[in-house]
1. So how tilted is helix 56-77 from the main axis of the chain? Cα-based, degrees 0 to 90, rounded to 10.
2. Report, to the nearest 10°, how far helix 27-50 tilts away from the longest principal axis of the Cα atoms in the chain, using its own Cα long axis and a range of 0 to 90°.
3. Mind giving me the FRET efficiency for S53 and K3? R0 is 25 Å, r the Cβ-Cβ distance, nearest 0.05 is fine.
4. When the scattering of the chain is computed by the Debye formula from its Cα atoms alone, each counted once and equally, what is log10 I(q)/I(0) at q = 0.16, 0.17, 0.22 Å⁻¹?
5. Between 0 and 90 degrees, rounded to the nearest ten: what's the tilt of helix 2-20 against the longest Cα principal axis of the chain?
Amino acid sequence: MRKVYHLIEAEEDRQSKKLEKRGIFGAFTWLAFLSEEVGELSMALTAYFYRGSEDRKNIVRQAVQVAALAIKFAEIYGDDDEG
C-alpha cells in the first residue's frame, strides 16, 4: 500500500507542477482533468477485461492519476482544522 501512496504523491506533484505553471486553478478545470482521467481508467479496464490487453500497469497508472486529481480537490476545499 505504501508503494501506491508514493505513486499518488509523486503524480500529484507532477500534475501540480505541470498544470499550475499554466495558471490553471479553477475547480471546473480540475474537474475536467479528473473526468478525462476517469475516462482513461475506464478505457484501460475495458481493454484489460474485454479486449485481451495484458497491460495491468496502465490500469494502475490511470488509477493513480485519478487519485492524485481527487486529492487536489481535498487540498483545495478541505478545512485546515480537519487535518
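1. For helix 56-77, the angle is close to 20 degrees.
2. 20 degrees
3. 0.65
4. Result of the Debye calculation: -0.67, -0.74, -1.07.
5. 60 degrees
Read-outs throughout are calculated quantities, based only on the coordinates presented, and are distinct from any laboratory measurement. Being a predicted model, the structure only gives us computed values, none of them experimental. Because the Cβ atoms are built from the backbone with ideal geometry, glycine has one as well, and the counts that use them run over all protein chains shown.
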